[in-house]
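Nothing in this text is a laboratory measurement; each read-out follows from the coordinates by a stated rule. All values reported here derive from a predicted model rather than from experimental measurement. Neighbour counts are summed over all protein chains in view; Cβ atoms, including those assigned to glycine, are modelled from backbone coordinates with ideal geometry.
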Amino acid sequence: MLDILKDMLYKIYSLYYTFVSLFNHKHKIDNDSSESNTPEKITDEAIVTNAEFGNVMNEARQCEPCMDGNRGTCTLELEDQVSILFGFDGVKRVGLKPNETNFSIYLHDKDDDSTKMKIKEKYPQHKFNFRASPRTKSFSLGCAVMGERIGGTPTMGTLGGHISFNSNIYGLTCHHVVKGVPHGGAVGVYKNEQARITWDPIGTVECTIAHDHPGKQVETYDIALIKMAKPQQDDCRSCETDTIDGLTQQRNENQAVGEITVHKKGAVTGETESIISDLRYAGKIPFEIDGITKDVTLLRAIQIKNDGPIPFAKKGDSGSIVYHRDDSKNLVIGMFYALETTDEGNFAYAFPLQNALEKLKDMYPDILRDATFGPNGNVKFTCYGEICQEAMEI
């Protein structure tokens, strides 16, 4: 309905502008012969009318969910979310809670009225919830460091699942788990056998996206595809990928309310569940390494509560598939990769898996050129029992 209204307004304006132009042109000719100042007056009136039309168009561009909480969630674009995070010094985090319509903007100083006013002036079509940003106590990526390098990598993470495409099988994990392995290098599975740890090769690193990937970003991913040497068995086919937007749209259509429960199965903590605390998180998190504190940026992340006697994830669970249980399937929405402790609680972070796969396709067209993702895509996701049975350490 809004698009139809905008089209009608543009058509009306175009007709009006054409009429005014012709009218002004005629009067200019008459004025040249009569030396009248009338055209200047008509032009001024036209300018005023154009300004009024601009105000009407601004009203037409209002974010409907922001103005009416019964119409879904705020339509703030990802690029705008990132612009708010980096364009205003007082902003530390931006996100959208599952049970709220409007985005929250977390400020270093909650009473920073100057920053609030600047944001409102730049984004008048949206309404925001302004909150004080929590203070970070610790932050880390979710891999564990092995005491002895057996081979492959000095770190341990989780082989969360697999995808099949063009007769190839690819294992999925985080890039930082296999960071020390070059493309084409071997990756293996750690196993405890007779009081000693063994390492068995399973495949080679095919393509990756690093969390600290250089260049301008509006999203941060941390993913590695491992080309498996041997096809896996027990293809359960009970899992499929979807975006976080797809999940929220499905919930809106079903008029679902309340918390969103997610699950994961990691090599360290096994099968756990928790609730999503932020659907579209973007934040600058202070992180100390080698005595130097710098901001680690997470963009387009899913924030999950990590409190309680049984945490959702620990170090070594990186690469675990995060999924939401539907009535008939496991809806895979993310991959766990980072941990944060704040003065308001503990959090685990996942990046949206399907979006990361789409990005891999852009970066590695020779490998994934014709790949399509999602429930109807030609790339099929399967946990091969890793979610349903046992997660593997790599």
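Key figures for this structure:
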read-out	value
Placed amide H near Val296: partners under 5 Å, 5+ positions off or other chain	Ile285, Phe287
Cut-off 12 Å between beta-carbons: net charge of the residues surrounding Arg280, Lys and Arg +1, Asp and Glu -1	-3
Burial ordering of Thr75, Thr220, fewest other beta-carbon atoms within 10 Å first	Thr75, Thr220
Sorted by Cβ density within 10 Å, fewest first, the residues Ile285, Ile321, Ile226	Ile285, Ile226, Ile321
Amide H contacts under 5 Å for Glu271, placed H, 5+ residues apart	Gly266
Cut-off 11 Å between beta-carbons: net charge of the residues surrounding Phe130, Lys and Arg +1, Asp and Glu -1	+1
Sequence of Leu331, Leu299 once ranked by neighbouring C-beta atoms within 10 Å, starting from the fewest	Leu331, Leu299
Tensor-based shape of segment 286-378 (alpha-carbon gyration tensor, a/c under 1.5 rounded, otherwise prolate or oblate)	oblate
Peptides 178-190, 197-209, 362-374 ordered by average Cβ neighbours within 10 Å, highest first	197-209, 178-190, 362-374
Over 19 Å between alpha carbons, listed pairs Lys329/Lys380; Lys92/Lys116; Lys227/Lys329	Lys227/Lys329
Net charge of Cβ neighbours under 14 Å - reference Leu357; Lys, Arg +1; Asp, Glu -1	-3
